[in-house]
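Working notes, beginning with the structure itself.
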């Protein structure tokens, strides 16, 4: 097994709690289906002791093993959708703030008389219209 750069003990508490909650949900799903750890281990292609570690929320278990559990539980839902660009709220908020800052700069520039006359004002208005459209993908 490759050596980890960060010890699980050094993970943020929120990450460890999320893994614990994930593990609890995996246990509930397996039991609701009336299946044993050994049955799930076989479906996942892991050993029964690894399945037990997954259900304890061991953060050193390979991510693929957790993802396979999620897939067994709900094959229709895509895990990757959780972090799809449209769901990355922090990045979206940053982009909106950036555009708003640009719009404020354009409005400030429009408020000043342009030494170039009406052509400068038309350029600023065109830039404002482009900014109003938002970032392009």
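Of note:
- Estimated inter-spin distance, residue 71 and residue 38, nm [label 7 Å along Cα→Cβ]: 2.5
- Coarse-grained scattering of the stretch 9-83 at q = 0.15, 0.21, 0.22, 0.27 Å⁻¹, given as base-10 log I(q)/I(0) from a Debye sum over alpha-carbon atoms: -0.48, -0.94, -1.02, -1.41
- Gyration tensor verdict on the stretch 58-99 (Cα atoms; rounded if a/c is under 1.5, prolate if a/b is larger than b/c, oblate otherwise): oblate
- In this label model, residue 13 and residue 98 are separated by 3.4 nm, measuring between points 7 Å along each Cα→Cβ vector.
- Distance (nanometres) between label positions extended 7 Å along Cα→Cβ at residue 28 and residue 105: 4.8
- Protection proxy ranking, peptides 79-91, 7-19, 95-107, average beta carbon neighbours within 10 Å, highest first: 95-107, 7-19, 79-91
Coordinate-derived values only; no laboratory data. None of these values were measured; they are calculated from a predicted model. Backbone-built Cβ (ideal geometry, glycine too); neighbour counts: all protein chains shown.
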